[in-house]
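Here's the structure we're looking at; comments come further down.
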Amino acid sequence: MGKDEVLVLGGAGYIGSHTCVELIGAEYKPVIVDNTINSSPVCVSRLQQLTGENIAFYQFDVRDQVKLREVFSQHDIKAVIHFAGLKSVPESVQFPLKYYSVNIGATITLLEVMKEFKVYNLVFSSSSTVYGKPQFLPMTEDHPTGQCTSPYGRTKYFIEEILKDLCVSDPEWNIISLRYFNPVGAHQSGIIGEVPLGIPNNLLPYIAQVCNGKREYLTIYGDDYKTPDGTGIRDYLHVVDLAVGHVLALKKMQGEHGCRAYNLGSGTGFSVKEIIQAFEKASGKKLPCKIAGRRAGDVAASYADSTIAQNELGWKATKNLKEICEDYWNFQSKNPQGYS
Ligand code: NAD
Ligand code: WQD
């Protein structure tokens, strides 16, 4: 029997590429579709270099239904992992229609094609952003959702609701939404990692660019939160742990039906200042910082309760902050120009 083919939409991206490595390690055969709007075909070559596998790669927009149908016709797809979408919070505030069109449009096109080809197994990249401002910590899956603070967040929330409606309409569907907290780190090899295009919005990519001289200093958004050192606290998890979560989700799906959501986070919160310290240690560089006001929409603290993922998927974050920063820096220092 051949290996099961898994369609990975957005597989040339940050989390998608790391997931492809884990899929191959678990004897699945990834098939990538990515229009490379926020990535590069070089990432796919790097994946082949890293895994020694020849990976099928199609470069087009998931909203292109004709091309998507061709891929389903050419491969015996058993399940889909859907990473493809836009993820910048500030950009989504500026261009909400673009975000609704890409994130929701691509998902609907995908679901229609999956139904046509009777492929009912889907793992969807959701986010802790569906919870909005935390009402309690750590956040469990039954924390209320929908009070999102950006159009980006709402696309994730709306998609989760669409997926629930679909599962009610037809019990054949088997869908897992994984609500990621703050994915960081890179593959230990330094061959694949995060390659932000333009000015990074998120903390770790910004820090790395300060360390490799691309940016002058890090702006700390607020040191007057009600946290022990006054800076914002988040739940950072290593991207390889996150990638493993997708493989476990696929395994969990066998023989099951319906719609479920799992938090994937480490359960531990670190402040901006703690991250800076850990990164300085990992990189051996001093990080120039300036304190500024709070960033609009930010919360003081956010971290996960991932007990359900542990009990039902057998998943747990295994890598600590030191490994996260070392691996992140290893990739960034080896690839200061990203994949170009
Ligand atoms: P990424 O931008 O690196 O990866 C997304 C990939 O999808 C990119 O390679 C991009 O080129 C591709 N893509 C975008 N729109 C497409 C389209 N219409 N058709 C085909 N390809 C398309 O982002 P990532 O960090 O790897 O995130 C993956 C998913 O996880 C996203 O859906 C994101 O919203 C979600 N997520 C990310 C984070 C995070 O902090 N990185 C946190 C929670 C959830
Ligand atoms: C972390 C902390 C900032 C940059 C975002 C999205 C969320 C999710 C993950 C996808 C905060 C502080 C940051 C900087 C700083 N993505 N910071 N200076 O805000 O938790 O979440 O990414 O779903 O939807 O909103 O992550 O990395 O942007 O910020 O001081 O230059 O670092 O204020 O406390 P966040 P982040």
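The values are calculated or read from the model by the stated rules, or taken from the named source; none is laboratory data. None of the values given here were measured: they were computed from a predicted structure. Because the Cβ atoms are built from the backbone with ideal geometry, glycine has one as well, and the counts that use them run over all protein chains shown.
From the list 10, 16, 52, the one residue that fits, being on the phi > 0 side of the Ramachandran plot, at pLDDT 95 or above and within 18 Å of the chain's Cα centre (by Cα), is 10. Scan segment 22-38 and tell me whether some residue there is more than 10 Å from ligand 1 (Cβ to nearest atom) and over 25 Å from residue 173 (Cα atoms). Yes; the residues of segment 22-38 include at least one that is more than 10 Å from ligand 1 (Cβ to nearest atom) and over 25 Å from residue 173 (Cα atoms). Condition first: touching a Cys at 6+ places or on another chain (Cβ under 7 Å) and buried (at least 23 other Cβ atoms within 10 Å of the Cβ). Now tell me which residues in segment 219-234 satisfy that. Passing the criteria: none in range.
Is it the case, given these coordinates, that residue 149 is surrounded by 14 or more Cβ atoms within 10 Å (Cβ to Cβ), in contact with a Gly (Cβ under 6 Å, 6 or more places away or on another chain) and closer than 19 Å to residue 90 by Cα? The answer is yes for residue 149. Contact annotation: residue pairs with Cβ atoms under 6 Å, 6 or more positions apart or on different chains, pairing a residue in segment 235-259 that is surrounded by fewer than 18 Cβ atoms within 10 Å (Cβ to Cβ) with a partner that is among the polar types (S, T, N, Q), are 256/174; 257/174. Counting residues in segment 26-49 that are acidic (Asp, Glu), in contact with a Gly (Cβ under 6 Å, 6 or more places away or on another chain), at pLDDT 95 or above and assigned to a loop (DSSP other than H, G, I, E, B) gives one or more.
Taking the listed residues 168, 184, 130, 119, the one that is more than 20 Å from residue 8 (Cβ to Cβ) and more than 13 Å from ligand 1 (Cβ to nearest atom) is 168, with no other qualifying. Within segment 173-198, residues that are closer than 24 Å to residue 257 by Cβ reach no partner that is within 12 Å of ligand 2 (Cβ to nearest atom) and part of a loop (DSSP other than H, G, I, E, B) with beta carbons closer than 6 Å at six or more positions or on different chains. Looking across segment 96-140 at every residue that is part of a loop (DSSP other than H, G, I, E, B) and either out of contact with any helix residue (DSSP H, G or I) (no Cβ under 8 Å at 6 or more places or on another chain) or polar (S, T, N, Q) (or both), the one that is surrounded by the most Cβ atoms within 10 Å (Cβ to Cβ) is identified as 138. For segment 200-222, the set of residues classified as more than 11 Å from ligand 1 (Cβ to nearest atom) and in contact with an Asp or Glu (Cβ under 8 Å, 6 or more places away or on another chain) consists of 210, 221, 222, listed by residue number.
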